[in-house]
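Inspection log for the structure reproduced underneath, given as structure tokens.
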Amino acid sequence: MANLTKTTSAVFIPAIWLNEIRAYVESKLVAAKLVKRINFVGKAGDTLHIPDTTALTTGDKAASTDVTFEAPTEGEFTMSIDKHKYSAFKIEDIVATQSAYELRSEYTKSAGYAIAKRIDTDILTLAQSLSTGRRCVPHATDDLANWDPTASTNTGNGANLDDAAILGAIELLDVQDVPDDDRAFVIHPAQKRILLGISRFTEYQMIGPGGMPIRSGVFGEVYGIPVYVSTNVPVITATDGTTQYHENVLIHRDAWILATQKEPRIQAEYVVRSLAWEVVVDTIYGVAEYRDLFGVSLISPV
């Protein structure tokens, strides 16, 4: 006798759809909250100008002699507001009607996240504009060495973070009188594993700052500096075209600047000829290096 099988009786077996959508995996977005922010919203123009001020000097006062007054000629910092990014989607009526899910809401959240990730990525890519001597390779023997993009991994051009490298990066900021506050490490998850092997780091990691639970979004602290972990840490490629590295950073808030001319906005329009809703999320902003000496990149293997 033939049996009734799943194949022969397939029309009687319903498919089960849960009231839940498996969302995309979001990377941790950390950079925008760690850099200098300028609110340019509502102002016209495409270039931001910030005047410089020069540090004055001291002189010796001689008897019966007037003091000498300084009149420095000042420069300025300029940056372009040149990024207009958007994320858009279109949902036809038949899809919206027949779908068991609120697709417009779900994809609006996805579009907003895409914009935020783009900003985060643009900021972290600024590490590649740091000058020679600020882009370094961790070395146990001499703390830090300049990164050589022509070298290969066999020459030591790329090493995992260690205690000496962390101290060397901190020293690079200290000798330039960079303020102690508002500093942060941003590292790739591959280096999180390395740091967990450093006893000083794990001691902080166990208790959190000041013996309190670790703040949301912060992996921990090392030498009093918060450490953020993100897969948005950029991947850079050596000139051989194949050897790749991660560019982790130690920055002060003033190392980089984010100027926003139009905050992310959501616009939606029903298009009759398409019988569909069109939704666009967009923003206008610029990113730039603000103080070169306020940042150090630590280049590690992928």
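Rule-based calculations on the coordinates, nothing more; no lab input. Just so you know, these numbers come straight off a predicted model, no measurement behind them. Cβ: placed from backbone, ideal geometry, glycine included. Neighbour counts: every protein chain shown.
Here the label points at Tyr223 and Thr237, each 7 Å from Cα along the C-beta direction, are separated by 3.4 nm in the simple model.
Using R₀ = 41 Å, calculate the FRET efficiency as 1/(1 + (r/R₀)^6) where r is the Cβ-Cβ separation of Arg265 and Ser129; round to 0.05.
Numbers: r = 29 Å, r/R0 = 0.70.
According to the calculation, E is roughly 0.90.
Where is the GNM fluctuation largest for the chain (alpha-carbon springs, 10 angstrom cutoff): Arg183, Arg118, Arg135? Ranking Arg183, Arg118, Arg135 by mean-square fluctuation puts Arg118 first. Given the options Ile198, Ile50, Ile170, which has the most mean-square fluctuation in a GNM of the chain, springs set between C-alpha atoms less than 10 angstrom apart? The residue with the greatest mean-square fluctuation here is Ile50. With each label modelled as a point 7 angstrom along the Cα→C-beta vector, the Ala88-Asp180 pair spans 5.2 nm. Extending 7 Å from the Cα toward the beta-carbon at both Asp142 and Thr54 defines two label points whose distance is 3.5 nm.
Local charge sum around His49 (other residues, Cβ-Cβ under 12 Å, Lys/Arg +1, Asp/Glu -1)? All intermediate terms of the calculation are to be shown ahead of the outcome.
Numbers: positive: Lys43; negative: Asp46, Asp52, Glu74, Glu76.
Net local charge, His49 excluded: -3.
The listed peptides 38-49, 290-301, ordered by packing as a protection proxy, come out as 290-301, 38-49 (highest mean of other Cβ atoms within 10 Å first). Checking the Cα-Cα distances for Lys109/Lys192; Lys43/Lys90; Lys43/Lys85 against a 27 Å cut-off, the pairs over it are Lys109/Lys192; Lys43/Lys90.
Relative contact order for the chain: 28 percent, from Cα pairs under 8 Å spaced at least 6 residues apart, divided by residue count. Separation of the stretch 126-152 from the stretch 261-302 is 29 Å, based on Cα centroids. Counted residue by residue at 0.36 nm each, then reduced by the alpha carbon distance between them, the extension gain from Thr150 to Asp254 reaches 34.4 nm. Per the Cα gyration tensor, the chain maps to an equivalent ellipsoid with semi-axes of 47, 30, 18 Å, ordered largest to smallest.
Given only helices, namely DSSP H runs of n ≥ 4 each adding -39500 (n - 2.57), what is the per-residue ellipticity at 222 nm of the chain, to the nearest 500 deg cm²/dmol?
Values: 5 runs with 56 residues, N = 302.
-5500 deg cm²/dmol, from helical runs alone.
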